[in-house]
Structures are given as structure tokens and as C-alpha cells.
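Since the structure comes first, as C-alpha cells, the remarks are kept for the end.
The values are calculated or read from the model by the stated rules, or taken from the named source; none is laboratory data. Here the structure is a predicted model, which means the values were calculated and not measured. Please note: Cβ atoms are built from the backbone with ideal geometry, for glycine as well, and neighbour counts cover all protein chains shown. For the accessible areas, the whole protein counts, side chains as well, though only heavy atoms, and no ligand, DNA or RNA atoms are used. Shrake-Rupley method; radii C 1.70, N 1.55, O 1.52, S 1.80 Å.
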Amino acid sequence: MNSTTAVARGVISGSAQEARCRALGLYRAWRRQLPFIIELFRLDKSEEECQAKLKEKFMLNSQVQDVRQVDMLVIKGKLELEETLAVFKQTTHVMRFFEDPQGPTTPKPFMQKFLDGR
């Protein structure tokens, strides 16, 4: 290997603790920018609702232990934040953040409700 060849590192964080600090830093960055994002996109959500949804999204990945996966998620989160702040998104894209991940529930037909005792 010659000295001009760059070697790509597979892991940005050196340890799990460093990866955790990066994830917390990303969470804080999102929290700091929430008021600006709400105002910028004229969202009909309160800051508390947005903070709760942000916490929910971060908690979905709280069980991830692999340093490489944590780094990948942090990089994706930073990219998402940068794109949001640069207004590469429209309001509908930001509002999808608040959608239920299972999608809309279909209402039960009348007969099913009747048989269930409602």
C-alpha cells in the first residue's frame, strides 16, 4: 500500500460510548432546531408534540448496539436535519414524520362491529 492511497474507515466512532455521544448530539441538534422548523414549514403542531415525536423516533432505535449501525443512523439523521433546514423538503414531507408507521387503520365493517358487540 502506498502512502497516497486513502483507506476508508468502516466505523466513525471508536467505541460504543463515542457512538452514543454522537447520537445524543444529533438528538440535541434536532431539539434545538425544532422551533425553527415549526416556524419555517408553518406546522400545525406544538413544540411539545414535535419533541414527543422526535423522542419516539429516537427511541425506536435505542436498542441498536452495533457501533457501525449507530454511526449509519447518526449520519442519516444528520443528513435528514441538513435537508430539512435547507428546505429541500416541502411541508408534506415534514408532516409525514408525524404519520403512524403502521399506516392508517381501516374501519371495521358494520357487521363486524355488530358481532363484536358494539
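Data for the structure
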| item | result |
| --- | --- |
| Matching option when the condition is open to solvent by 60 Å² or more (accessible area, probe 1.4 Å), at pLDDT 95 or above and in a helix (DSSP H, G or I), among ARG31, ARG20 | ARG31 |
| Number of the condition not met by VAL94 [criteria: (1) modelled with pLDDT under 85; (2) surrounded by 13 or more Cβ atoms within 10 Å (Cβ to Cβ)] | (1) |
| Whichever residue in the range 65-84 is more than 14 Å from the chain's Cα centre (by Cα) and open to solvent by less than 70 Å² (accessible area, probe 1.4 Å) and, among such residues, is nearest to GLN17 (Cα to Cα) | VAL67 |
| Hey, ILE12 touching a residue at least 60 places away in the same chain (Cβ under 8 Å), part of a loop (DSSP other than H, G, I, E, B) and hydrophobic (A, V, I, L, M, F, W, C) or not | yes |
| In the range 93-118, the residues that are in a helix (DSSP H, G or I) and under 18 Å from LEU34 (Cβ atoms) | HIS93, VAL94, MET95, ARG96, PHE97, PHE98 |
| Criterion violated by SER62 - all others in (1) of a type in the set (Ser, Thr, Tyr); (2) within 24 Å of GLY14 (Cα to Cα); (3) touching a helix residue (DSSP H, G or I) at 6+ places or on another chain (Cβ under 7 Å) satisfied | (3) |
| Residue list for the range 43-64, restricted to those being more than 11 Å from the chain's Cα centre (by Cα) and either under 18 Å from GLU82 (Cα atoms) or surrounded by 11 or more Cβ atoms within 10 Å (Cβ to Cβ) (or both) | LEU43, LYS45, GLU47, GLU49, CYS50, GLN51, ALA52, VAL64 |
